[in-house]
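Below: one structure, written as structure tokens.
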Ligand code: NAI
């Protein structure tokens with residue numbers, strides 16, 4: 001159901017690769033809610049994904065940009081301003097990738113160049129996107145910035161490897177930049193810590209199916225889907241959440257505060 005929650009708002013949505021991507025669902029819902037936005041992804045994703053299909057559905061354009069490149073981000077903002085005819089009311093950072101995870105390196109055998117890449121792609125890019133926007137004075141007052149995190153920032157999941165450090169950094173950047181942008185421009189910055197979700201990034205973690213099922217059993221409301229995540233993100237982009245900032249918000253069906261559930265006890269007693 002649409003509520004016109006984002007009518008008149010302009011934004012940028014990163015990270016839509018295919019229909020499983022969280023960002024894909026956000027784009028569909030933001031379009032339904034009356035937002036105008038531009039889609040962006042790394043140039044390599046243009047070849048792999050189906051982002052042009054999504055752009056057609058949302059009546060918008062795709063501007064390729066590597067989120068680790070300041071130059072690409074600047075170009076992205078300049079072209080977005082031209083296309084949308086105004087500054088940003090919302091920005092979704094939905095970007096994550098670890099070469100170490102992708103190439104199956106164990107935590108005791110990490111390649112440090114790749115580790116730096118993980119941090120650059122998955123966390124520093126969040127800072128870069130805000131810093132460039134601040135320097136270009138590209139945020140409107142009361143704009144909302146959202147990044148996507150995972151509970152591995154607080155608790156260890158062996159196969160999540162160096163992505164755990166990237167998520168801890170991402171959440172920390174949301175607090176530090178949230179304070180700065182809140183004071184300077186009344187912009188809010190939050191991260192959403194999402195349930196395991198079956199997407200390209202998610203399924204790239206080995207053992208993903210096991211911790212997906214485990215989280216499902218430990219969450220009283222069950223795992224949150226990408227469409228449900230999109231709904232939550234829209235609420236943060238809307239004017240209904242203007243004083244929510246510098247938070248890491250769990251969107252996980254109750255997983256993060258659940259000790260054990262009857263379902264798990266039953267399963268483990270067998
Ligand atoms: P996805 O694989 O569909 O999205 C990740 C996106 O990052 C892709 O579109 C990819 O092209 C983009 N990307 C990678 N390198 C980039 C670069 N240099 N510049 C610009 N874009 C780049 O997977 P998903 O799950 O939708 O991931 C979105 C976010 O949600 C990520 O931050 C991920 O860590 C986070 N997340 C995912 C969970 C899951 O279980 N799938 C759980 C909690 C958080």
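The values are calculated or read from the model by the stated rules, or taken from the named source; none is laboratory data. Just so it is clear, the model here is predicted, and its values are computed rather than measured. Virtual Cβ from ideal backbone geometry, glycine too; neighbours counted across all protein chains shown.
Numbers at a glance
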quantity	calculated
Filter result for residue 174 (under 20 Å from residue 118 (Cα atoms), in contact with a strand residue (DSSP E or B) (Cβ under 7 Å, 6 or more places away or on another chain) and crowded, with 16+ Cβ neighbours inside 10 Å)	yes
Residue list for region 1-44, restricted to those being within 22 Å of residue 126 (Cα to Cα), surrounded by fewer than 19 Cβ atoms within 10 Å (Cβ to Cβ) and within 16 Å of the chain's Cα centre (by Cα)	18, 20
The lone exception for residue 202 - which of (1) assigned to a helix (DSSP H, G or I); (2) at pLDDT 95 or above; (3) in contact with a helix residue (DSSP H, G or I) (Cβ under 7 Å, 6 or more places away or on another chain) it fails	(2)
Residues satisfying the stated conditions in region 248-270, i.e. in a loop (DSSP other than H, G, I, E, B), touching a helix residue (DSSP H, G or I) at 6+ places or on another chain (Cβ under 9 Å) and surrounded by fewer than 17 Cβ atoms within 10 Å (Cβ to Cβ)	254, 258, 259, 260, 261
So residue 56, is it at pLDDT 95 or above and closer than 30 Å to residue 203 by Cβ	yes
Of all residues in region 208-241 being within 12 Å of the ligand (Cβ to nearest atom) and assigned to a loop (DSSP other than H, G, I, E, B), the one that is surrounded by the most Cβ atoms within 10 Å (Cβ to Cβ)	224
Per-region count, region 154-196, residues away from the ligand (no atom under 13 Å from the Cβ), in contact (Cβ under 8 Å) with a residue 12 or more places away in the chain, assigned to a loop (DSSP other than H, G, I, E, B) and in contact with a helix residue (DSSP H, G or I) (Cβ under 9 Å, 6 or more places away or on another chain)	1
Region 2-41, residues that are in contact with a strand residue (DSSP E or B) (Cβ under 9 Å, 6 or more places away or on another chain) and in a loop (DSSP other than H, G, I, E, B)	6, 8, 9, 15, 16, 35, 41
